[in-house]
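Take a look at the structure set out below.
Quick note: the coordinates plus some simple rules give every number you see, no bench work behind them. What you see is a predicted model; the values in this text were computed from it and never measured. Neighbour counts are summed over all protein chains in view; Cβ atoms, including those assigned to glycine, are modelled from backbone coordinates with ideal geometry.
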Amino acid sequence: MPKNLIDPNKWIDLYSDYLFNFTITRVKDRDTAQDLVQETFFAGLKSMKNFKGEASERTWLISILKRKIIDHYRKINSKKGKAEVRINYKSDSEDEGDWLEERVADPFDKTAEDNLENTELGLAIHNCIEKLPVKQAEVFKMKTILGYETEAICNELDITASNLWVIIHRARTTMVVCLEKNWF
Amino acid sequence: MSKKNKIFISCEEANHNCDKSQYNEATLWEKVKLTIHLLYCKACRKHSSDNAKLSKAIAKTEINCLELKDKQEMKKCFEKELKKHQQ
């Protein structure tokens, strides 16, 4: 059986979005999720020699990340009141209000099943994005997921608008084929 | 100018308009031209519906990824750490 090799140089490019998406469905806070992903990469570096090559790099990183997420929940629950209801006024968020109403679950929210399916679909989409060429993946993510303006992307990556649409078109076509195989 | 006012467009242009409309960036005229094209072109109809399905799937999952500048920051930190390890 060919062994999987480990090469941390490409970790961020290859896996950061996948890990981030995995985390955000579990911790619901961008900053925390980002920190956890960062810690995971560091931890991965530290224990690189323990990587046996039995699983893929990504699976291995995910297993570290899962530990990190559990630790995170342990940490926020370990201090005093475990039974305490924590409704702290967030001082750092500007767009979100502090009103209680905004913190109560939305009654029209999706059912648990929908959520589960959506999480899985989200990971399937990320899998397909990972298979795209790097440039296409980058443009596709910026345009479709982050919702940047065409002009902003063009400036950022130094490409023309028609260039961008060609890339988007190719990416979308590949994505459809990939998802068709794995999901729809 | 004559090209711009054509009602019947090529599949290539139809695809371009279709992609644009997925991001709400197609003009009304472009959308009209696309619709007319779809009336008689089966292949583009298929492509168009697949394309819409993809958009819907992505919207439904509320998929997330890192902001560009956050990712760059992360990369910088990571590379620093990496250097320490490679010494």
Fill in the blank from the handout: Whole-Hz Karplus couplings 3J(HN,Hα) for the stretch A:126-136, θ = phi - 60° and coefficients 6.51, -1.76, 1.60, Gly and Pro as x, run 4, 4, 5, 4, 4, 7, 5, x, 3, 4, 4
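Of A:Lys131/B:Lys84; A:Lys46/A:Lys75; A:Lys49/A:Lys135; A:Lys135/B:Lys56; A:Lys28/B:Lys75; A:Lys131/B:Lys31, which sit over 29 Å apart, Cα to Cα?
Values: A:Lys131/B:Lys84 31 Å; A:Lys46/A:Lys75 22 Å; A:Lys49/A:Lys135 31 Å; A:Lys135/B:Lys56 23 Å; A:Lys28/B:Lys75 22 Å; A:Lys131/B:Lys31 31 Å.
As for pairs spanning more than 29 Å Cα to Cα, those are A:Lys131/B:Lys84; A:Lys49/A:Lys135; A:Lys131/B:Lys31.
Loop only by DSSP, 13 or fewer other Cβ within 10 Å of the Cβ. Give me the chymotrypsin sites (Phe, Trp or Tyr not before Pro) in the stretch A:1-57 that pass, ordered by residue number.
On the way: sites: A:Trp11, A:Tyr15, A:Tyr18, A:Phe20, A:Phe22, A:Phe41, A:Phe42, A:Phe51; in loops: A:Phe51.
Listed in order of number, the matching sites amount to none.
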Exercise for the section: Please report how far the C-alpha centroid of the stretch A:1-51 lies from that of the stretch A:110-179, rounded to the nearest whole angstrom. Expected result: 20 Å
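State which entries of A:Lys143/B:Lys6; A:Lys68/B:Lys60; B:Lys20/B:Lys46 exceed 25 angstrom in Cα-Cα distance in the structure shown. List each step's numbers first, then the result.
Values: A:Lys143/B:Lys6 29 Å; A:Lys68/B:Lys60 27 Å; B:Lys20/B:Lys46 16 Å.
Over 25 Å apart, Cα to Cα: A:Lys143/B:Lys6; A:Lys68/B:Lys60.
The stretch A:1-76: which trypsin sites (Lys or Arg not before Pro) are DSSP loop and have at most 15 other beta-carbon atoms within 10 angstrom? Intermediate values should be presented prior to the final figure.
Numbers: sites: A:Lys3, A:Lys10, A:Arg26, A:Lys28, A:Arg30, A:Lys46, A:Lys49, A:Lys52, A:Arg58, A:Lys66, A:Arg67, A:Lys68, A:Arg74, A:Lys75; in loops: A:Lys3, A:Lys28, A:Lys52.
Here the trypsin sites (Lys or Arg not before Pro) that fit, given the DSSP loop and packing criteria, are A:Lys3, A:Lys28, A:Lys52.
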Exercise for the section: Have a look at chain B and give its Rg and Dmax from the Cα atoms, expressed in angstrom. Expected result: 21.0, 65
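Under the classification rounded if a/c is under 1.5, otherwise prolate if a/b is larger than b/c and oblate if not, where does the stretch A:124-184 fall, given a ≥ b ≥ c as square roots of the Cα gyration tensor eigenvalues? Intermediate values should be presented prior to the final figure.
Details: a/c = 2.45, a/b = 2.07, b/c = 1.18.
In terms of gyration-tensor shape, prolate.
What is the fewest-to-most order of A:Cys178, B:Cys44 by other Cβ atoms lying within 10 Å of their Cβ? Don't skip to the end; give the middle numbers.
On the way: A:Cys178 19, B:Cys44 22.
If I rank by nearby Cβ atoms, fewest first, I get A:Cys178, B:Cys44.
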Handout entry: Orphan Cys of chain B, criterion: no other Cys C-beta under 4.7 Å
Key = B:Cys11, B:Cys18, B:Cys65, B:Cys77
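Between rounded, prolate and oblate, where does the stretch A:1-81 land on the alpha carbon gyration tensor, with a ≥ b ≥ c its root eigenvalues, rounded for a/c under 1.5, else prolate if a/b exceeds b/c? Don't jump to the answer; show the numbers that get you there.
Values: a/c = 2.48, a/b = 1.82, b/c = 1.36.
It comes out prolate by the Cα gyration axes.
Considering only DSSP states other than H, G, I, E and B, which chymotrypsin sites (Phe, Trp or Tyr not before Pro) in the stretch B:1-85 qualify as loop sites with at most 14 other Cβ atoms within 10 Å? Write out the running numbers ahead of the final one.
Working: sites: B:Phe8, B:Tyr23, B:Trp29, B:Tyr40, B:Phe78; in loops: B:Phe8, B:Tyr23.
Those that pass, being in a loop and sparsely packed, are B:Phe8.
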